[in-house]
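Only one structure is covered here, and it is reproduced in the block below.
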Amino acid sequence: MTFGEQPAYLRVAGDLRKKIVDGSLPPHTRLPSQARIREEYGVSDTVALEARKVLMAEGLVEGRSGSGTYVRERPVPRRVARSGYRPDGGATPFRQEQADGEARGTWDSRSEQVAAGGAVAERLGIEPGERVMCTRYVFREAGEVMMLSTSWEPLEVTGRTPVMLPEEGPLGGMGVAERMAAIDVIVDNVTEEVGARPGLAEELAALGGVPGHVVLVIQRTFYASGRPVETADVVVPADRYRVAYHLPVK
């Protein structure tokens with residue numbers, strides 16, 4: 001087999017990937033052995049091994065101890081609906097992060113005061129080292145972890161108020177806009193930037209992914225009269241979800 005200028009291991013991985021995608025190698029099928037790949041493609045053991053590593057890093061195959069490497073079942077992507085700022089009352093954190101009227105879910109959270117790092121401080125328009133309330137969320141739908149979120153709120157805004165702890169007090173468990181309104185801070189804008197990166201080990205452990213899996217990261221910031229009052233990183237497994245935006249036309 002002639003591979004041209006592309007590295008041989010990528011060409012082998014590409015051909016195997018095509019077979020996985022088109023169903024020639026269906027889920028739970030054992031991937032051809034290293035010896036079989038070497039023979040079929042006329043490549044070295046090193047090339048065959050590297051090709052298998054590529055497929056494993058992409059999450060297309062998984063190793064089973066003492067058994068071999070098998071094609072993983074590919075989930076049908078579900079939708080994470082986003083619609084930006086919603087002024088209506090009663091928006092729980094789950095509805096805030098999954099803006100689908102039909103969606104139902106639960107969440108766990110943990111809050112602690114921390115010093116703002118450089119990146120968070122820049123997003124909040126404060127000095128590095130200033131105190132912020134950091135809240136980490138785990139969102140579940142039908143019992144399955146679907147989303148992680150870490151939010152930061154400047155204590156200069158919420159400190160010593162009834163809404164200092166997002167999940168406690170009279171408005172505990174409500175959305176950012178409603179909590180801020182309770183202390184006369186009116187949220188009037190929100191921005192979201194979507195990017196992708198390999199998931200961190202702790203993220204993939206929580207989301208049920210494997211090393212190398214890609215996650216979508218939604219970097220969201222709420223503003224009140226131009227001042228950032230909350231910023232968050234929302235992490236979604238890219239192989240299981242698609243982010244869909246619903247934006248009104250004015």
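The values are calculated or read from the model by the stated rules, or taken from the named source; none is laboratory data. Values in this document were obtained by computation on a predicted structure and should not be read as measured data. Neighbour counts run over all protein chains shown; Cβ positions are idealised from the backbone, glycine included.
One table, with the values for the structure above:
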read-out	value
Members of region 118-138 that are hydrophobic (A, V, I, L, M, F, W, C) and more than 21 Å from T191 (Cα to Cα)	V138
Residue among V163, V176, V187, V157 that alone is touching a Phe, Trp or Tyr at 6+ places or on another chain (Cβ under 6 Å) and under 22 Å from A115 (Cβ atoms)	V176
Matching option when the condition is modelled with pLDDT under 95, out of contact with any Pro (no Cβ under 9 Å at 6 or more places or on another chain) and charged (D, E, K, R), among E127, E156, E192	E192
Considering residues of region 109-141 that are in a loop (DSSP other than H, G, I, E, B) and touching a residue at least 12 places away in the same chain (Cβ under 8 Å) only, the residue surrounded by the fewest Cβ atoms within 10 Å (Cβ to Cβ)	G129
Residues of region 19-52 classified as within 21 Å of V210 (Cβ to Cβ) and free of Cβ contacts under 8 Å to residues at least 12 places away in the same chain, total	2
From the options V236, V132, V215, residue that is within 18 Å of V80 (Cβ to Cβ), touching an Asp or Glu at 6+ places or on another chain (Cβ under 8 Å), at pLDDT 90 or above and among the hydrophobic types (A, V, I, L, M, F, W, C)	V215
Filtered residues of region 59-76 (kept if in contact (Cβ under 8 Å) with a residue 40 or more places away in the chain and not aromatic (F, W, Y))	G59, L60, V61, E62, V71, R72, E73, R74, P75
